[in-house]
Amino acid sequence: CLEESNVAEMKYCIRLDRDCVDICALTLRLLVRDSRYMDRAIDLCMDACHACEQECSLHKHDHCVLCAAACKECHEQLQRYRA
């Protein structure tokens, strides 16, 4: 998104992407060590991934399409983990 000519219009998407990446990374670390906080992190991660997928799916850039697909997959995997 930072390389797009309309970067100012992508500001919300960029911020959401960055938040999602940070939340996913934290969630992974908490899952790996079986943290007592992992359930709350999973909830937050699922919310972030869903929001990021929705936002990225509004854009037709190749990287946005890939990001939306990755966020959807992460959300689905976390749902399966919860089951």
At what distance in nm do the modelled label points of residue 43 and residue 81 sit from each other, each positioned 7 Å from its Cα along Cα→Cβ?
1.6
DSSP loop (so not H, G, I, E, B), at most 15 other Cβ within 10 Å: list which chymotrypsin sites (Phe, Trp or Tyr not before Pro) in the chain pass both filters.
37
Just add up the charged neighbours of residue 37: K/R +1, D/E -1, any other residue whose Cβ is under 13 Å from the Cβ of residue 37.
+1
Rg and Dmax of the chain over Cα atoms: what are they, in angstrom?
13.5, 44
Mind checking the full-extension length gain between residue 69 and residue 29? Use 0.36 nm per residue of separation minus the Cα-Cα distance, one decimal, nm.
12.2 nm
About the Cα centre, charge dipole magnitude for the chain (Lys/Arg +1, Asp/Glu -1 at Cβ), debye:
360
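Taken together, the values in this text are just the output of simple stated rules run on the coordinates, not laboratory data. All of these numbers come straight from a predicted model, not from anything done at the bench. All Cβ positions, glycine included, derive from the backbone under ideal geometry; neighbour counts span all protein chains shown.
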